[in-house]
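A short write-up of the structure that comes next.
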Amino acid sequence: MNSIAKSLLKTVKCSPAGWLRSSSTHCGKQHLPKLVLGIETSCDDTGAAVVDEAGNVLGEALQCQREVHLKTGGIIPLVAQQLHRENIEQVVKEALSVSGVSVNELTAIATTVKPGLALSLEVGLDYSIKLVNKYQKPFIPIHHMEAHALTIRLTNQVEFPFLVLLLSGGHCILAVAQGVSDFLVLGQSIDIAPGDMLDKVARRLSLIKHPECHSMAGGKAIEHLAQTGNRQQYTFRLPMQQYRNCDFSFSGLQNLINKTIIQKEKEEGIQEGELLSCVKDIAAAVQHVVAIHIIQRTYRAMLFCIKNGILSPKHATLVVSGGVASNQYIRRGLQTLANANNFAFLSPPPRLCTDNGVMIAWNGIERLRAGLGVLNSTEGIRYEPKAPLGTDISNQVEEDSIKVPKLRKILQLAS
């Protein structure tokens, strides 16, 4: 393992999900607890964790490639694959060591097989298959976005159904979680994801050169600078206003932002790669328009679910997960929206919003309990770079053509 990877390797031990703890006896007889090893390599983080059926995280290890990819200006799939190969065995050993559990004691092994970067998924799946075959353990293939959606049930007492918004660098999905592997997709990004767009804008603004942001990922740098910027200095047109659905679009918005950046560079007489004096104001305006777009589509999803009886108005919950869910400005806006519509608002702690082995192991526990997708043979298992989540009912949302009330009051409360 290289020195950069060694310095980034972390182990975390914690015991969340107290509400899930159950007795280790049944009808007076002792039984061994179910233990699942989760392995995550869908993008640029190598993660592993051991979780038991009560929701205790017995051991976790995570190797983050962020510092490597910051130097290259973005994730290079071949580099990500090589780092996964260098580190996966050590990460799994660390998680097992911290947990005090041997592979022989595991009930099953769960691994992300879809969606994600093909080269990254391949590393995790190949390693897992070898482990499964060597120790003759059941294998549970995991959908990465399903794992993000269900993480909240590890940390909070949440019953199905609930509305879930998944925000990350690779996805933007609004869905209703009806069960462990039962999702109704209300809308999703038709082009790029919000995290991807924020990273690209940060690169175009050369924020890595900003003295306050040199060690920050793109989205985090935008959020940091936006705190002291004036969003009212720039106004970007909200995407998809003519479409009364729950889909998202960020590529057109990115183009508008790039045009503004080019114009400001001309006005200030600087070249691409140099820092604009107004960079904080642009960051604030960008973050704001992304937040409004997300909030507006989520508002429509709430109204659709209540109107059609998919969620009960007395027990409705909005869950927000994924890496972009850690953005406090976006999170505040969504929480205010939920409060205004009598929805409970829940989001996993930030460290569980980003990719990790804990969510994969927990998804494995959920599937093990429900008896869903637990395989005794790995024959024919393949990774899938692209994979839908559940049943798409976005056409029904569009047919309902629900008009969203103005957000002014909600935004005032959130700001």
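Roughly how big is the stretch 283-376's charge dipole about its Cα centre, with Cβ charges of +1 (Lys, Arg) and -1 (Asp, Glu), in debye to the nearest 20? Intermediate values should be presented prior to the final figure.
Details: 9 positive and 2 negative charges, 44 e Å.
Dipole size: approximately 220 debye.
Expressed as a fraction of 2.2 N^0.38 Å, the rule-of-thumb size for a compact globular protein of N residues, what is the C-alpha radius of gyration of the stretch 285-380? Don't jump to the answer; show the numbers that get you there.
Details: Rg = 16.8 Å, N = 96, 2.2 N^0.38 = 12.5 Å.
Taking the Cα Rg and dividing by 2.2 N^0.38 Å, one obtains 1.35.
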- Vicinal HN-Hα couplings computed from phi for the stretch 237-251 (Karplus, 6.51 cos²θ - 1.76 cosθ + 1.60; Hz; Gly/Pro x): 5, 5, x, 6, 5, 7, 10, 8, 9, 10, 7, 10, 8, 10, 6
- Hey, what's the chain come to in accessible area per residue, 1.4 Å probe, Å²? 44
- Query: Given the options Leu165, Leu106, Leu334, which has the most mean-square fluctuation in a GNM of the chain, springs set between C-alpha atoms less than 10 angstrom apart?
  - Reply: Leu106
- Task: Quick one: which residues, 5+ away or cross-chain, put their amide H under 5 Å from the amide H of Lys34? H built at 1.01 Å from N.
- Result: Glu53
- Task: Quote the relative contact order of the chain in percent (integer), defining contacts as alpha-carbon pairs under 8 Å separated by 6+ residues.
- Result: 21
- For Gly59, the residues 5 or more places away or on another chain with a placed amide H closer than 5 Å to its own amide H are Val50
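Taking 22 Å as R0, compute the FRET efficiency from the Cβ-Cβ separation of Arg244 and Asp191 and round it to 0.05. Mind dumping the intermediate values first?
Values: r = 19 Å, r/R0 = 0.85.
In this case the efficiency is close to 0.70.
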- Note on the structure: Treating only Lys and Arg (+1) and Asp and Glu (-1) as charged, each at its beta carbon, one finds that the stretch 32-85 has a dipole about its Cα centre, in Debye to the nearest 20, of 220
- Item | Estimated 222 nm signal from helices in the chain, with DSSP H stretches of n ≥ 4 weighted -39500 (n - 2.57), rounded to 500 | -13000 deg cm²/dmol
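Using only alpha carbons, build the gyration tensor for the chain and give me the equivalent ellipsoid semi-axes, biggest first, whole Å.
Numbers: eigenvalues 262, 148, 62 Å².
Taking √(5λ) for each eigenvalue gives 36, 27, 18 Å, largest first.
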- Query: Can you work out ³J(HN,Hα) from phi for every residue in the stretch 139-155, in order, using Karplus 6.51 cos²θ - 1.76 cosθ + 1.60 and θ = phi - 60°, giving whole Hz and x for Gly and Pro?
  - Reply: 10, 10, x, 10, 7, 3, 6, 4, 4, 4, 5, 8, 4, 4, 6, 7, 9
- Short version: ³J(HN,Hα) in whole Hz for each residue of the stretch 292-302, in order, from phi by Karplus 6.51 cos²θ - 1.76 cosθ + 1.60 (θ = phi - 60°), x for Gly and Pro, what are they? 4, 4, 5, 5, 4, 5, 5, 4, 4, 4, 4
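Report the calculated FRET efficiency for Asn342 and Glu67 (r = Cβ-Cβ distance, R0 = 56 Å), to the nearest 0.05. Please report the intermediate quantities before stating the final value.
Values: r = 43 Å, r/R0 = 0.77.
The formula returns an efficiency of 0.85 here.
Within the chain, what whole-number % of the accessible surface is contributed by carbon and sulfur, with the 1.4 Å probe and all protein chains included in the calculation? Write down the numbers at each step before the final one.
Working: 8890 of 18090 Å².
Carbon and sulfur together cover 49 percent of it.
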- Message: Past 18 Å, Cα to Cα: identify those pairs from Lys71/Lys220; Lys71/Lys264; Lys200/Lys259; Lys71/Lys114; Lys71/Lys209, in the order given.
- Response: Lys71/Lys264; Lys71/Lys114
- Note on the structure: Per the 1/(1 + (r/R0)^6) rule, R0 = 30 Å and r from the Cβ atoms of Gln232 and Ser401, FRET efficiency to 0.05 is 0.45
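Less than 10 Å Cβ to Cβ from Arg369, Lys/Arg counted +1 and Asp/Glu -1: what total charge do the surrounding residues give?
With Lys, Arg at +1 and Asp, Glu at -1, the net is 0.
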- Probe 1.4 Å, all protein chains in place: accessible area of Arg66 in Å², nearest 10? 90
- On a C-alpha basis, how far is the centre of the stretch 141-186 from the centre of the stretch 359-403 in Å? Whole number, if you could? 9
- Task: Please work out the Cα center distance from the stretch 42-97 to the stretch 280-356, rounded to the nearest Å.
- Result: 27
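The values are calculated or read from the model by the stated rules, or taken from the named source; none is laboratory data. Predicted, not measured: the structure shown is a model, and the values here were computed from it. Virtual Cβ from ideal backbone geometry, glycine too; neighbours counted across all protein chains shown. Keep in mind that these areas ignore ligands, DNA and RNA; they rest on the heavy atoms of the full protein, side chains included. Shrake-Rupley method; radii C 1.70, N 1.55, O 1.52, S 1.80 Å.
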